[in-house]
Amino acid sequence: MLVSATEMMNKARDGHYAVGQFNINNLEWTKSILLTAQELQSPVILGVSEGAGKYMCGYTTIVGMVNGMINELGITVPVALHLDHGSYEGAKKCIEAGFSSIMFDGSHYPIAENIEKTKELVALAHSKGISVEAEVGAIGGEEDGVIGKGECADPAECKMIADLGVDILAAGIGNIHGVYPANWEGLSFETLAAVKEAVGDMPLVLHGGTGIPDDQITKAISLGVAKINVNTECQLVFAEATRKYIEAGKDQQGKGFDPRKLLAPGAEAIKAKVKEKMELFGSVGKA
């Protein structure tokens, strides 16, 4: 059974660890993440971008797949199904489809419009027991065509959004999506500390978890980050494992690859990556 992210976020904040959000793109990814979370007894958040939602035949299809897997695989750890970087319209569709958590990314709007739209979505989502993540200060890089420059959030604006009753807040602190460039200056812990002071007990989110040095991850958690998003690292290990399998020429039998065997090495690579991240985030055994 899917749960909202609210309780797991509050527990992570109080326990000084972070819950991993791992984005899903197909059945194999979803299965690997769920099995790893169950094995490690870790709560987990399955992230779905709007682009991935379209690829997987829509939000209702995804809800059915994830609920079916939770039942068939005997998953007992807390699992939230979360819209990642959702538009206003996308957030409404996910609420209707049965997601247990949504992110409305209004960071590209003027703050007044961000507040107006976030306030409406909070009321709608909370009426159905669904948690809400909001964003202030665009995250750098590109996510489904939405490009951010890696802005540092204004703590005063963060407080405005937090006061609307959101459950989780993503504040830009110099983090970016994708692989970090060699000249990246690192996370702005000064901004993170100021945001934390402004919003109090609000659990914070670190987007762009791929490639951030481990010591910066653990420091961010110590300063109030309770959710860390990982996507690119899973994409990279999945692609590399699949490439090696194809180059090895295994299991072709003159007919092409068995798709189940072709995708298996990538699925195992994702399991290993998710385990590595859950251990780093400190969420193992916290279910």
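From the list 233, 190, 247, exactly one residue is among the acidic types (Asp, Glu) and more than 30 Å from residue 265 (Cα to Cα). Which is it?
Exactly one of 233, 190, 247 is among the acidic types (Asp, Glu) and more than 30 Å from residue 265 (Cα to Cα), namely 190.
Condition check: part of a helix (DSSP H, G or I), free of Cβ contacts under 8 Å to residues at least 40 places away in the same chain and among the β-branched types (Val, Ile, Thr). Does residue 33 satisfy that?
So residue 33 does not fit the description; no.
Could you pull out every one of the strands (runs of 3 or more DSSP E) wholly within the range 124-192 that has 2 or more residues that are at pLDDT 80 or above?
131-136, 168-171
Restricting to the range 180-213, name every residue that is more than 15 Å from residue 18 (Cβ to Cβ) and surrounded by 14 or more Cβ atoms within 10 Å (Cβ to Cβ).
Listed by number, the residues that qualify are 180, 184, 188, 189, 191, 193, 194, 195, 198, 199, 211.
As an exercise: evaluate residue 39 against (1) more than 25 Å from residue 285 (Cα to Cα); (2) at pLDDT 95 or above and give the number of the one condition it does not meet.
If we test residue 39 against (1) more than 25 Å from residue 285 (Cα to Cα); (2) at pLDDT 95 or above, just (1) comes out false.
Among the residues of the range 72-123, write down those that are under 16 Å from residue 168 (Cβ atoms), assigned to a loop (DSSP other than H, G, I, E, B) and either of a type in the set (Phe, Trp, Tyr) or touching a Ser or Thr at 6+ places or on another chain (Cβ under 7 Å) (or both).
Listed by number, the residues that qualify are 99, 100, 106.
Within the range 215-231, can you find the residues that are within 17 Å of residue 22 (Cα to Cα) and out of contact with any strand residue (DSSP E or B) (no Cβ under 9 Å at 6 or more places or on another chain)?
None - no residue of the range 215-231 is within 17 Å of residue 22 (Cα to Cα) and out of contact with any strand residue (DSSP E or B) (no Cβ under 9 Å at 6 or more places or on another chain), so the list stays empty.
Are any residues in the range 192-218 without any contact (Cβ under 8 Å) to a residue 40 or more places away in the chain and of a type in the set (Val, Ile, Thr), and if so, which ones?
Result: 210, 212.
Inspect all residues belonging to the range 170-191 and state whether any of them is of a type outside the set (Asp, Glu) and under 28 Å from residue 127 (Cβ atoms).
Yes, there is a match, as at least one residue in the range 170-191 is of a type outside the set (Asp, Glu) and under 28 Å from residue 127 (Cβ atoms).
Can you pull out every residue in the range 91-107 that is crowded, with 24+ Cβ neighbours inside 10 Å, closer than 16 Å to residue 51 by Cα and not hydrophobic (A, V, I, L, M, F, W, C)?
105
Given the structure, is residue 225 aliphatic (A, V, I, L, M), buried (at least 17 other Cβ atoms within 10 Å of the Cβ) and within 24 Å of residue 44 (Cβ to Cβ)?
It is true that residue 225 is aliphatic (A, V, I, L, M), buried (at least 17 other Cβ atoms within 10 Å of the Cβ) and within 24 Å of residue 44 (Cβ to Cβ).
For residue 39, only one of the following conditions fails: (1) surrounded by 15 or more Cβ atoms within 10 Å (Cβ to Cβ); (2) within 21 Å of residue 237 (Cα to Cα). What is its number?
(1)
State which residue is surrounded by the most Cβ atoms within 10 Å (Cβ to Cβ) when the search covers only the range 243-266 and only residues that are modelled with pLDDT of 90 or more and of a type in the set (A, V, I, L, M).
263
Out of all the residues in the range 81-106, which are small (Gly, Ala, Ser) and either free of Cβ contacts under 8 Å to residues at least 60 places away in the same chain or in contact with a helix residue (DSSP H, G or I) (Cβ under 7 Å, 6 or more places away or on another chain) (or both)?
86, 87, 90, 91, 97, 98, 106
Give me the residue from the range 36-64 that is in a loop (DSSP other than H, G, I, E, B) and polar (S, T, N, Q) and, out of that set, nearest to the chain's Cα centre (by Cα).
Checking each candidate, the answer is 49.
I need the full set of residues from the range 96-122 which are of a type in the set (Gly, Ala, Ser), more than 20 Å from residue 7 (Cβ to Cβ) and modelled with pLDDT of 95 or more, in order please.
97
The values are calculated or read from the model by the stated rules, or taken from the named source; none is laboratory data. These figures come from a predicted structure and were not determined experimentally. In this analysis, Cβ positions are derived from the backbone assuming ideal geometry, glycine residues included, and neighbour counts consider all displayed protein chains.
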